[in-house]
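Student: Below is a structure I'd like to ask you about.
The values are calculated or read from the model by the stated rules, or taken from the named source; none is laboratory data. These numbers were taken from a predicted model, which means no experiment stands behind them. Cβ placement follows ideal geometry from the backbone for every residue including glycine, while neighbour counts extend to all protein chains displayed.
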Amino acid sequence: MTTTVDTPIVDAPKKYPAPERIVQSGCSFLIQEENPENIFISEEFNEEQRMIHDMVYDFCKKEVMEAIQNRGREFEITKDRDEIIQLLEKAAELGLCGVSIGEQYGGIDLDFNTTCLFAEAVAPGFSFATTIGAQTSIGSLPIVYYGTQEQKDKYLPGIASGQLKASYCLTEPRSGSDANSGKTSAVLNDAGTHYIINGQKMWITNGGFADVFIVFARIDDDKNLSAFIVEKEFGGISLGAEEKKLGIKGSSTVQVFFENCEVPKDNLLGDRDGGFKIALNILNTGRIKLAAGAVGGCKMSVNQATEYALQREQFNTPIANFGAMKHKIGQMAVLTFAGEAAVYRTGHNINMKCDQFLHEGKSENDSKLGAIREYAVECSILKVKCSENLDYCIDECLQIHGGMGYSAEMGIEMGYRDARITRIYEGTNEINRMLSLAELTKRAIKTKEVDLVGAGKKIPMYIFKQALPFKSNDGWKQEERIVKNLKVLFMALSGKAGQKLKEKMVDEQELVMNFADILAEAYIAESTLLKVQKLERKGIHKGKDLEIRRKALQVYLYEALDIARKAADESINGFASGSEKKTLKRITKILTRPYDVNVKQMRRDIAEYVYKNGGYNL
Ligand SMILES: Cc1cc2nc3c(=O)[nH]c(=O)nc-3n(C[C@H](O)[C@H](O)[C@H](O)COP(=O)(O)OP(=O)(O)OC[C@H]3O[C@@H](n4cnc5c(N)ncnc54)[C@H](O)[C@@H]3O)c2cc1C
């Protein structure tokens, strides 16, 4: 009798095609020139991506903005809890709760940059943007990226369909920015079957109605937290009252108490002691999405300000005609344009890096996470700058509405209050400023992924050449030079301070903030420049349309130089003295030489362009 040996069927490793192009690595923008053709701009989103944007935008506009107008008050979780839950379920029916979840689990698994576009589109949802953001991001991505097959099979279909509401429990009363210091404990029971969780979490979005909690707790005396998937059904969970907040009142925010909560051993997420890494990586993905949402909020501010300014008359003329109003609307449009350029440049780089890692044979999860980690510095910069742009835009939008802006009737004051949270969560802006520098230093010194030392050697010669004055009408040279100057200024000053202060630099936070501001200006300014150059080279805009965008770039550069000059001066006064101080001041003067452009006229032209369209159209 002959026997046949069954050959096991093993899936051949999936082959991924090479990425469309090799993108700049994280932070390399500082030391490498980028070709405008290599960056992605929002005009390149395809029809399908635009349809997703419009569908989400229309949903939020109809279900939230119009609902607020009809009822004459904002959503409040204490009064409208059931309606808010139904809204989340309605969004899930359209597939919106599964944007980052694989199709095999009922999600639609959008690529990373499209999830950023999604985040922009939910801006008209106001507090609902936070609710759906927690469901699709911090509440579910830990399972998407770190879950075992069994965990994914068990939880992701419910989260995608909206049957399960998700939340993320990291913060504690005594552990906020210092998130790894949490006291919530997890102890394996004697039978070795369950972890017993005890502790208290605070500020938990969606906590009031969540079925699933991603809980960070320390096992025994581990150095780092571990992560767990905890179901409400497990018992031992009680909730505090809904927090009374300044804004996002329609979003649930509660304390969550764990008292001998028994969590099956298999619900440990990722490795023991590996939870803090999960927490940080998930926050990284959230930062750029928060920035994209802020871009959406900025656009809405420009639109509402424009609409009001055109119809409100004072001194027998629409207020839109006054220079002071044009200044505001022009400046709001400039900040929106620049933020958008940087967000989608970075989002697409993350996509491309992910494709590169997949092609190199990394697993899908490692590729996605690795790509996001690669641009951690850029994500922190975007979080800080776009949230501060949003506060600027909504504040000026309120101002343009005068007394009506202050009244609850127009909804502007709600936007003003809602926007304020963006500077606090996903890591405060102070923490993100410090993170951007710390992460960059790590990449330059520890892992040597960015050769700042090599680039630093070329700085003296570069500065020497900059002593020559700008020439007008020299193509893009002037704008390119300003961007390069911002980068060199950052490298020169942070390098000098680093050499001098060494480890003490971390105690000089004011200097770190100054340098982080210069770094951020360099990145956003370059992204805006590359975008406008690409628009020209590809012929996407021509004539007046291109001219307006170039003006937006020029106003941005003018402001960026101003911010950088002030930050540079402050930092030099803070760490240098004698001849070194004099030299650094001279260098700053050369590198931040005033940009001789008529920003008054440019902002006017930009505002009029926006008026003509009846809203933001850059
Ligand atoms: C509406 C809302 C929703 C939230 N949702 C969630 C959620 O779903 N899940 C969750 O886990 N958390 C959530 N949070 C918590 C949020 O992430 C924290 O509030 C945030 O991380 C800041 O922590 P903290 O409030 O304890 O402030 P603190 O850490 O006490 O900071 C107070 C101030 O000190 C500054 N500071 C702190 N440390 C330093 C330092 N080393 N150097 C310089 N300055 C420093 C901060 O920048 C800040 O200005 C939410 C918060 C709010 C308000």
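Student: If I ask for residues that are assigned to a loop (DSSP other than H, G, I, E, B) and of a type in the set (Asp, Glu), which ones from the range 230-251 would you list?
Tutor: GLU242, GLU243
Student: Check the range 114-126 and report whether any residue there is surrounded by 18 or more Cβ atoms within 10 Å (Cβ to Cβ), under 27 Å from ILE204 (Cβ atoms), among the polar types (S, T, N, Q) and touching a Gly at 6+ places or on another chain (Cβ under 7 Å).
Tutor: Checked the range 114-126: no residue is surrounded by 18 or more Cβ atoms within 10 Å (Cβ to Cβ), under 27 Å from ILE204 (Cβ atoms), among the polar types (S, T, N, Q) and touching a Gly at 6+ places or on another chain (Cβ under 7 Å).
Student: Those residues that are among the β-branched types (Val, Ile, Thr), under 22 Å from the mean Cα position of the chain (by Cα) and under 16 Å from LEU88 (Cβ atoms), I need them from the range 48-65; list them, please.
Tutor: VAL56
Student: OK, next. Do the conditions hold for SER251, that is, is it within 16 Å of the ligand (Cβ to nearest atom), in contact with a Ser or Thr (Cβ under 6 Å, 6 or more places away or on another chain) and among the polar types (S, T, N, Q)?
Tutor: So SER251 passes the test.
Student: So which of LEU452, LEU398 is buried (at least 18 other Cβ atoms within 10 Å of the Cβ), away from the ligand (no atom under 16 Å from the Cβ) and free of Cβ contacts under 8 Å to residues at least 40 places away in the same chain?
Tutor: LEU398
Student: Only one of these is in a loop (DSSP other than H, G, I, E, B), under 22 Å from the mean Cα position of the chain (by Cα) and in contact (Cβ under 8 Å) with a residue 24 or more places away in the chain: ILE132, ILE138. Name it.
Tutor: Unique residue meeting the criteria: ILE138.
Student: Right, something else. From ALA333, ALA338, ALA324, ALA305, which residue is free of Cβ contacts under 8 Å to residues at least 12 places away in the same chain, assigned to a helix (DSSP H, G or I) and either on the phi < 0 side of the Ramachandran plot or not assigned by TED's automatic domain parsing to the domain that holds GLU521 (or both)? Can you show your working first?
Tutor: On the way: ALA333 fails: free of Cβ contacts under 8 Å to residues at least 12 places away in the same chain; ALA338 fails: free of Cβ contacts under 8 Å to residues at least 12 places away in the same chain; ALA305 fails: free of Cβ contacts under 8 Å to residues at least 12 places away in the same chain.
Every option except ALA324 fails the conditions.
Student: Next question. Which condition breaks for ILE288 when tested against (1) within 15 Å of the ligand (Cβ to nearest atom); (2) closer than 23 Å to CYS379 by Cβ?
Tutor: ILE288 satisfies every listed condition except (1).
Quick grid of which residues meet (1) over 25 Å from THR588 (Cα atoms); (2) outside any helix (DSSP H, G or I); (3) under 25 Å from the mean Cα position of the chain (by Cα); (4) of a type in the set (Asp, Glu):
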{"residue": "GLU409", "(1), (2), (3), (4)": "yes, no, no, yes"}
{"residue": "GLU430", "(1), (2), (3), (4)": "no, no, yes, yes"}
{"residue": "LEU440", "(1), (2), (3), (4)": "no, no, yes, no"}
{"residue": "GLY456", "(1), (2), (3), (4)": "no, no, no, no"}
{"residue": "TYR462", "(1), (2), (3), (4)": "no, no, no, no"}
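Student: Still on this structure, please answer the following. Tell me which residues, restricted to the range 411-440, are more than 16 Å from the ligand (Cβ to nearest atom) and touching a residue at least 24 places away in the same chain (Cβ under 8 Å).
Tutor: Within the range 411-440, GLY411, ILE412, LEU440 qualify.
Student: Separate question: Considering only residues that are touching a residue at least 60 places away in the same chain (Cβ under 8 Å) and charged (D, E, K, R), which ones fall in the range 91-106?
Tutor: GLU93 - this is the single residue of the range 91-106 that is touching a residue at least 60 places away in the same chain (Cβ under 8 Å) and charged (D, E, K, R).
Student: Right, next: Of all the helices (runs of 4 or more DSSP H) wholly in the range 20-106, which have at least 1 residues that are modelled with pLDDT under 95?
Tutor: By residue number, 67-71.
Student: Taking the range 142-168, which residues are hydroxyl-bearing (Ser, Thr, Tyr) and either away from the ligand (no atom under 16 Å from the Cβ) or on the phi > 0 side of the Ramachandran plot (or both)?
Tutor: Within the range 142-168, TYR145, TYR146, THR148, TYR155, SER161 meet the criteria.
Student: So in the range 540-572, with the set limited to residues that are within 24 Å of the chain's Cα centre (by Cα) and of a type in the set (Val, Ile, Thr), which one is nearest to GLN331 (Cα to Cα)?
Tutor: Restricting to residues being within 24 Å of the chain's Cα centre (by Cα) and of a type in the set (Val, Ile, Thr), the top hit is VAL555.
Student: Looking at LEU170, LEU188, LEU164, can you tell me which residue is among the hydrophobic types (A, V, I, L, M, F, W, C) and closer than 16 Å to THR131 by Cα?
Tutor: Working: LEU170 fails: closer than 16 Å to THR131 by Cα; LEU188 fails: closer than 16 Å to THR131 by Cα.
Among LEU170, LEU188, LEU164, only LEU164 is among the hydrophobic types (A, V, I, L, M, F, W, C) and closer than 16 Å to THR131 by Cα.
Student: Just to be sure, is THR136 β-branched (Val, Ile, Thr), within 23 Å of ILE372 (Cβ to Cβ) and within 16 Å of the ligand (Cβ to nearest atom)?
Tutor: Yes: the conditions hold for THR136.
Student: Looking at (1) in a strand (DSSP E or B); (2) of a type in the set (Val, Ile, Thr); (3) assigned by TED's automatic domain parsing to the domain that holds GLN601, which one does VAL254 not meet, given that it meets all the others?
Tutor: (3)
Student: Quickly run through the range 278-317 and pick out the residues that are surrounded by fewer than 21 Cβ atoms within 10 Å (Cβ to Cβ) and either of a type in the set (Gly, Ala, Ser) or at pLDDT 95 or above (or both).
Tutor: Hits for the range 278-317 are ASN303, GLU307, LEU310, GLN311, ARG312, GLU313, GLN314, PHE315, ASN316, THR317.
Student: Test of understanding: among ASN260, ASN224, which residue is outside any loop (DSSP other than H, G, I, E, B), at pLDDT 95 or above and out of contact with any His (no Cβ under 7 Å at 6 or more places or on another chain)?
Tutor: None of the other options fit; the residue is ASN260.
Student: Moving to a separate point now. So which residues in the range 407-446 are hydroxyl-bearing (Ser, Thr, Tyr) and closer than 15 Å to GLY247 by Cβ?
Tutor: Within the range 407-446, TYR416, THR422, TYR425 meet the criteria.
Student: Answer yes if at least one residue in the range 234-243 is within 14 Å of the ligand (Cβ to nearest atom) and under 26 Å from GLY293 (Cα atoms), and no otherwise.
Tutor: Scanning the range 234-243, I find at least one residue that is within 14 Å of the ligand (Cβ to nearest atom) and under 26 Å from GLY293 (Cα atoms), so the answer is yes.
Student: Mind checking which residues of the range 592-605 are part of a helix (DSSP H, G or I) and touching a Phe, Trp or Tyr at 6+ places or on another chain (Cβ under 9 Å)? Write out each step before concluding.
Tutor: Filtering the range 592-605 down to residues part of a helix (DSSP H, G or I) leaves 599-605.
If the condition is that a residue be part of a helix (DSSP H, G or I) and touching a Phe, Trp or Tyr at 6+ places or on another chain (Cβ under 9 Å), then VAL599, MET602 are the ones that fit.
Student: Hey, does the range 215-230 have a residue that's within 9 Å of the ligand (Cβ to nearest atom) and closer than 25 Å to THR285 by Cβ?
Tutor: Restricting attention to the range 215-230, the residues satisfying the condition of being within 9 Å of the ligand (Cβ to nearest atom) are 216.
The next check asks that each one be closer than 25 Å to THR285 by Cβ; those that pass are 216.
Yes; the residues of the range 215-230 include at least one that is within 9 Å of the ligand (Cβ to nearest atom) and closer than 25 Å to THR285 by Cβ.
Student: Name the single residue, out of those in the range 169-196 being hydrophobic (A, V, I, L, M, F, W, C) and closer than 19 Å to LYS277 by Cβ, that is farthest from the ligand (Cβ to nearest atom).
Tutor: Among them, the one singled out is ALA186.
Student: Would you confirm whether any residue within the range 381-393 is of a type in the set (Val, Ile, Thr), over 14 Å from the mean Cα position of the chain (by Cα) and either in a helix (DSSP H, G or I) or within 20 Å of ALA560 (Cβ to Cβ) (or both)?
Tutor: Checked the range 381-393: no residue is of a type in the set (Val, Ile, Thr), over 14 Å from the mean Cα position of the chain (by Cα) and either in a helix (DSSP H, G or I) or within 20 Å of ALA560 (Cβ to Cβ) (or both).
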